[in-house]
Amino acid sequence: MRRVIVVLAALLAVVCVCDAVKFGQLCSGNPENRRRMSDTWGQGHYGARRGSRSHQGLDIVCSDGSDVLAPFDVTLNGKLTVYSDANKAAINSGINLRGAGLCFKLFYVNPDRTSGSVRKGERIGTMLPMQSVYRGITSHVHVQMCDKSDPTEYF
Ligand code: ZN
């Protein structure tokens, strides 16, 4: 009997690994969470070069004005400010979220609300007008983990 339990526990552990956490759709025009690749402003992957710094998130393609959607059942933990630069005021907001055991931030989103909870797939805000600040860029939502670790495995 004990051996059966051990085997079952091992099988369950394998099942849990296979069922890894993945982000659901983030942006209304991008059902497969397509990533920003290379454009005249840079690249969208984690660790991409940003001058002397490195990119601390992953960029998911999202046209200006699109609906931004909850990628999990989430709780909303307040608005955030992306830049201190007044020239970027048009795209300066985002939101802090928690869901599926992850703590993360979405940049360049004007949130509908900043507290409470939202179901997976429901709207949480609007993609800000990124083209007005970075003309010609691939407009995108920036996904950043609270601890600044690499979010790529969740996509
Ligand atoms: Zn980014």
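The values are calculated or read from the model by the stated rules, or taken from the named source; none is laboratory data. Bear in mind that the values here come from a model prediction, so they are computed numbers and not experimental data. Positions of Cβ are generated from backbone atoms using ideal geometry, with glycine treated the same way; all protein chains shown enter the neighbour counts.
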Exercise. Has the stretch 53-65 got any residue that is within 14 Å of the ligand (Cβ to nearest atom), among the charged types (D, E, K, R), at pLDDT below 95 and over 11 Å from the mean Cα position of the chain (by Cα)?
Worked result: yes
Exercise. Among (1) away from the ligand (no atom under 13 Å from the Cβ); (2) out of contact with any strand residue (DSSP E or B) (no Cβ under 8 Å at 6 or more places or on another chain); (3) closer than 22 Å to R35 by Cβ, where does A86 come up short?
Worked result: (3)
Exercise. Within the bounds of the stretch 73-80, is there any residue that is in contact (Cβ under 8 Å) with a residue 12 or more places away in the chain, closer than 16 Å to Y154 by Cα, within 14 Å of the chain's Cα centre (by Cα) and within 16 Å of the ligand (Cβ to nearest atom)?
Worked result: no
Exercise. Mind checking which residues of the stretch 31-52 are in contact (Cβ under 8 Å) with a residue 24 or more places away in the chain, among the hydroxyl-bearing types (S, T, Y) and more than 12 Å from the ligand (Cβ to nearest atom)?
Worked result: T40
For this session: With the checklist (1) without any contact (Cβ under 8 Å) to a residue 60 or more places away in the chain; (2) crowded, with 20+ Cβ neighbours inside 10 Å; (3) in contact with a Phe, Trp or Tyr (Cβ under 7 Å, 6 or more places away or on another chain); (4) over 18 Å from Q25 (Cβ atoms) in hand, flag the one item S93 doesn't pass.
Result: (3)
